[in-house]
1. Treat segment 23-117 as a sphere of radius equal to its Kirkwood radius over Cα pairs and apply Stokes-Einstein at 10 °C in a medium of 1.306 mPa s; give the translational diffusion coefficient in µm²/s, rounded to a whole number.
2. Sort largest first and round to whole Å: the equivalent ellipsoid semi-axes of the chain, each the square root of five times a Cα gyration tensor eigenvalue.
3. List the GluC sites (Glu not before Pro) within segment 1-101 that DSSP assigns to loop and that have no more than 13 neighbouring Cβ atoms inside 10 Å.
4. How about segment 169-220: which chymotrypsin sites (Phe, Trp or Tyr not before Pro) there are in a DSSP loop, with at most 13 other Cβ atoms within 10 Å of their Cβ?
5. Search the structure for amide H atoms under 5 Å from the amide H of I375, placed 1.01 Å from N in the peptide plane, and list their residues when 5 or more places away or on another chain.
6. Per the 1.4 Å probe, what fraction of the accessible area of segment 278-418, in percent, lies on carbon and sulfur atoms?
7. Considering the chain as a Gaussian network with a 10 Å cut-off on Cα pairs, which listed residue, A303, A115, A329, attains the greatest mean-square fluctuation?
8. So what's the back-of-envelope 222 nm ellipticity for the chain, counting only DSSP H runs of four-plus at -39500 (n - 2.57) apiece and dividing by all residues, rounded to 500?
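The values are calculated or read from the model by the stated rules, or taken from the named source; none is laboratory data. Keep in mind the model is a prediction, meaning the values are calculated, not measured. Neighbour counts run over all protein chains shown; Cβ positions are idealised from the backbone, glycine included. Side chains included, ligands, DNA and RNA excluded: accessible areas come from the protein's heavy atoms. Shrake-Rupley method; radii C 1.70, N 1.55, O 1.52, S 1.80 Å.
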Amino acid sequence: MTSLETWVEVPKNSDFTIYNLPFGVFKNKRLSARIGIAIGDKIVDLSILDQEGFFSDMFLPEGVFLQDSLNELIALGKVQTRKIREKVQELLLAENEKLRDHSIRGKVMVNRREAEMLMPVKIGDYTDFYSSMEHATNVGKMFRDPENALLPNWKHLPVGYHGRASSIIPSGQDIFRPKGQFKDADMDSPGFGPSRRLDFELELAFITGKSTKLGDTISTADAEDYIFGFVLFNDWSARDIQAWEYVPLGPFLGKSFASSISPWVVTLEALDYFRVDGPSQDPEVLPYLQCEKAHSFDLQLEAYIQPDQVKKATKVSTSNFKYMYWNVAQQLAHHTVNGCNINVGDLMASGTISGPSEDSFGSMLELSWKGTKPIRLDSGEERKFIEDGDTVILKGFAEKEGVRVGFGELKSKVLPSK
Ligand code: CA
């Protein structure tokens, strides 16, 4: 990749480099909701650039950046959004004086610290896959049969379910411990109350940027045309509620109370440099799931827990997106193979991404092995699951030969049940 320099001061190890330039929606004390691009500790206010005529050759709809979601912008299509991102990249290059020396510069570059990040997308539908073999194997071992941990369909199709979009919330928003029914092995009849096994799930999700009509299918070869970008995704789970309710129709109230997403949508273009092959698939998959090229990314994913009143978060997991058995092209091809239509702003999550080693598991369920092996935090406390007052932080980034692209943080605190 050509090495790029910018006139913006970018702190070392910042996820928001000149190579990244993710899209997000923000506001602050002075400014109403609008769309920006992150670089270093700044946000480029795209609406001001637009007003000043920097995008005049693109004939964008009026006010396209003065929106409280990215939906209208990404609906313009990849050709347009790519041009916008490339234009901003060009304007931020060290040698480019057009914005650097322009009197409007101070107004365009907003401090990220003073901005409130909003939900980046109005999510119509949310699907959660179950695409990490290590995760599915761990869960199968714990809840079913250690000898046959994977169900017979698992290596033939990307298993998934339809989730709840209304309870997807942005980073920084607290969640309430869910209440529900549970029936532990030693209970004769179900009990009710706040979940005693609240968990996070370390996931990545993609956002679709193009619609299909009912009856249409998307091939693995075309799938990436429909993917606008990615966010970190914490698919909060109540393991006790989940274990009691999930047979025969799958996850319901153990999942639907909240899922958190990171505010900056990292484009597929920004991740392209980190493309790698996923795990080899054996047995061979059906033709509609076969891929011509690599659709996985070498992207480190981390989970941290920070108890209330404790200054420093403890890293409890280091995983990687590349461990995923089923890739995003296969997920989208499978999702639409029955003719199910997708819309701009749908969110499709990977499922918990666990790696092969015990410190790479993507949930407390696996890290504490169903509560039998508590995790020790730096503060000296132990955790089997997530306690009230705990903040869970997810991070994700790719780094290769001095080029870094990442998501920043996804942070949410757990409050007691209402
Ligand atoms: Ca999940």
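1. Values: Rh = 13.5 Å.
My calculation gives 118 µm²/s for D.
2. Ellipsoid half-lengths, sorted descending, are 36, 25, 20 Å.
3. Working: sites: E5, E9, E52, E62, E72, E86, E90, E95, E97; in loops: E5, E9, E52, E62, E95.
Sparse-neighbourhood loop GluC sites (Glu not before Pro): E5, E9, E62, E95.
4. none
5. So I375 has HN proximity to R383, K384.
6. Percent of accessible area from carbon and sulfur atoms in segment 278-418: 46.
7. Answer for the Gaussian network model of the chain: A115.
8. Numbers: 10 runs with 68 residues, N = 418.
Mean residue ellipticity at 222 nm (helix-derived): -4000 deg cm²/dmol.
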